[in-house]
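The values are calculated or read from the model by the stated rules, or taken from the named source; none is laboratory data. All figures in this text were calculated on a predicted structure; none of them were measured in a lab. Reconstructed Cβ throughout: ideal geometry from the backbone, glycine too, with neighbour counts over all protein chains shown.
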Amino acid sequence: MQNLIGIGILSKPSFTITEHSHTVWEMVYYTHGTGILKIGETEILFEPGIFVCQPPGILHSETSSVGFQNIHFSIGFFKELNSSIPCFKDNASQDIANILTQIYREFHMKGKNWRNIAEALLETLNQYMISWSNLKDKNPFVERFENLILWNISNQRFVIKKAVQEIPLSMNHFRQLFKKETGKTPLEYLIHKRIDYARNLLEAQYYNYTIKEVAARAGFTDPYYFSRVFKKITGKNPSEKVLEGKKRE
């Protein structure tokens, strides 16, 4: 995905875009509304978060009874993925939307080195698409909770039980759903992420943290409990990881 030609935002609701085609790839990310995008003989039901790559030379049109808005851009080169009309649903973190917002800002502000920045962002977007094209859809509640855990790895006040209550599912149902998709319960997932983070801190000697400091930074209030959990998961004591880090220096 290279050679950004232009990027725009459909800021007012539109109800119909008549059939037309382009000589280049046109990418559309829907931000509001629902409707039908017809590309050749293919019909795609769109809603907020749907991102579609429209090939050059193919007639396409859009219709909506409620009105829709989007971010759209054109590029000079796009290496096709497995699908002839790549279509994706943005994740709970809205990574596609965030990248497109950055590209829009760089393109229109045209600050120093803007084109290289925009091209780098396009490549990042392309890598997301390659990754997602080989994955099955993840339950949005599971994905949202995974993100919540990642943002609270170091938060000692983060309580899994309280956080799960914000999910509109029963505790048992969500726990089973989360384990089915991740292989771990929410608590196990949190603990493993914290231990992974702690292991990185212990092995990276330029931080020079004590084991107590690492435990605190990894979200554990009790360094002794941290050490027990660390050994249970990694098979080694935290102090052994410190020594391994020193040997690699």
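Evaluating S170 against the criteria (1) among the small types (G, A, S); (2) within 21 Å of the chain's Cα centre (by Cα); (3) outside the structural domain of V52 (by TED's automatic domain parsing) leaves one unmet condition, (2). Only one entry in T124, T101 is among the hydroxyl-bearing types (S, T, Y) and more than 30 Å from I167 (Cα to Cα), namely T124. So, in segment 83-126, of the ones that are small (G, A, S) and touching a residue at least 40 places away in the same chain (Cβ under 8 Å), which residue ends up nearest to M27 (Cα to Cα)? Filtering segment 83-126 for residues that are small (G, A, S) and touching a residue at least 40 places away in the same chain (Cβ under 8 Å), the one nearest to M27 (Cα to Cα) comes out as A97. Meeting the requirement of 1 or more residues that are basic (K, R), the strands (runs of 3 or more DSSP E) wholly within segment 23-62 are 35-39. Would you confirm, using the coordinates I've provided, whether R194 is among the charged types (D, E, K, R) and closer than 24 Å to K138 by Cα? So R194 passes the test. Restricting I167, I153 to those that are aliphatic (A, V, I, L, M) and free of Cβ contacts under 8 Å to residues at least 60 places away in the same chain reduces the list to I167. The condition (being under 30 Å from N91 (Cα atoms) and either in the same structural domain as S93 (by TED's automatic domain parsing) or not hydroxyl-bearing (S, T, Y) (or both)) is satisfied by just one residue among R228, R157: R157. Counting only residues that are of a type in the set (D, E, K, R) and in contact with a Leu (Cβ under 9 Å, 6 or more places away or on another chain), which one in segment 79-131 is nearest to L45 (Cα to Cα)? This residue is D95. Looking only at segment 223-242, residues that are more than 32 Å from the chain's Cα centre (by Cα) and not in a helix (DSSP H, G or I) come to 2 in all. Across segment 160-187, what is the total count of residues that are surrounded by 11 or more Cβ atoms within 10 Å (Cβ to Cβ) and under 25 Å from V214 (Cα atoms)? Number of matching residues: 6.
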